[in-house]
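Report on the following structure.
The values are calculated or read from the model by the stated rules, or taken from the named source; none is laboratory data. Only a predicted model underlies this, so the values are computations on that prediction, with no experimental measurement involved. Heads up, the Cβs are rebuilt from the backbone with ideal geometry, glycines too, and the neighbour counts pull from every protein chain shown. Surface accessibility is based on the protein's heavy atoms, side chains included, excluding ligands, DNA and RNA. Shrake-Rupley method; radii C 1.70, N 1.55, O 1.52, S 1.80 Å.
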Amino acid sequence: MESKTQNTLEMIKQQLAEYTLILYMKGTPDHPRCGFSARVVQALKACGTKFAHVNILENNDLREELKRYSQWPTFPQLYYKGELIGGCDVIEQLYKTGELQKKISET
């Protein structure tokens, strides 16, 4: 059991290192499976930037471990350069103020 958790944690760290901007979400950008994920995808697409995504519904271990790793209990979770930016409310607020566009424009 411990090695499964360790493997999942390593996978998360690898994904965060590999992708500058990555969204852990329910579903995919083309087919979001929850309204909150859809709203974050909409904000990111409006910024015109490319982003990686992981469908957390396909991997229960990843979903549970990511909550512990980020100390953020809900999804979606958006990471930029390995750091958690936040979930839906935070992303929408950053987008409305223009901060999201500034933050991720280096992507």
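Quick notes
- Rel. contact order, % - alpha carbon contacts under 8 angstrom, at least six apart, the chain: 33 percent
- Tilt relative to the chain, helix 60-70 - C-alpha long axis, 0 to 90 degrees, to 10: 70 degrees
- With protein chains left intact and a 1.4 Å probe, residues in the chain average 59 Å² of accessible area per residue.
- Rounded to the nearest 20, the Cβ-based charge dipole of the chain about its Cα centre (Lys and Arg +1, Asp and Glu -1) stands at 280 debye.
- Cut-off under 5 Å, modelled amide H: who pairs with Gly86 long-range: Leu78
- In sequence order, calculated HN-Hα J values of region 72-86 (Karplus, 6.51, -1.76, 1.60; Hz; x Gly/Pro): 10, x, 10, 10, x, 10, 10, 10, 10, 6, x, 10, 5, 7, x
- At an R0 of 30 angstrom, the distance between the Cβ atoms of Gln93 and Arg33 translates into a FRET efficiency of 0.85.
- Between 0 and 90°, nearest 10: helix 88-97 axis offset from the chain longest Cα axis: 30 degrees
- Distance between the pseudo-spin-label points of Leu9 and Asn60 (7 Å out from Cα toward the beta carbon): 2.1 nm.
- Ignoring aspartates and glutamates fewer than eight residues from Lys102 along the same chain, the ones with Cα atoms less than 20 angstrom from its Cα are Glu83, Asp89, Glu92.
- Portion, in percent, of the accessible area of the chain that falls on carbon or sulfur, probe 1.4 Å: 47 percent
- Hydrodynamic radius of region 1-59 per Kirkwood, over alpha carbon pairs, in Å: 12.4 Å
- Net lengthening on full extension, Ser105/Arg68 (0.36 nm per residue, minus Cα-Cα): 10.5 nm
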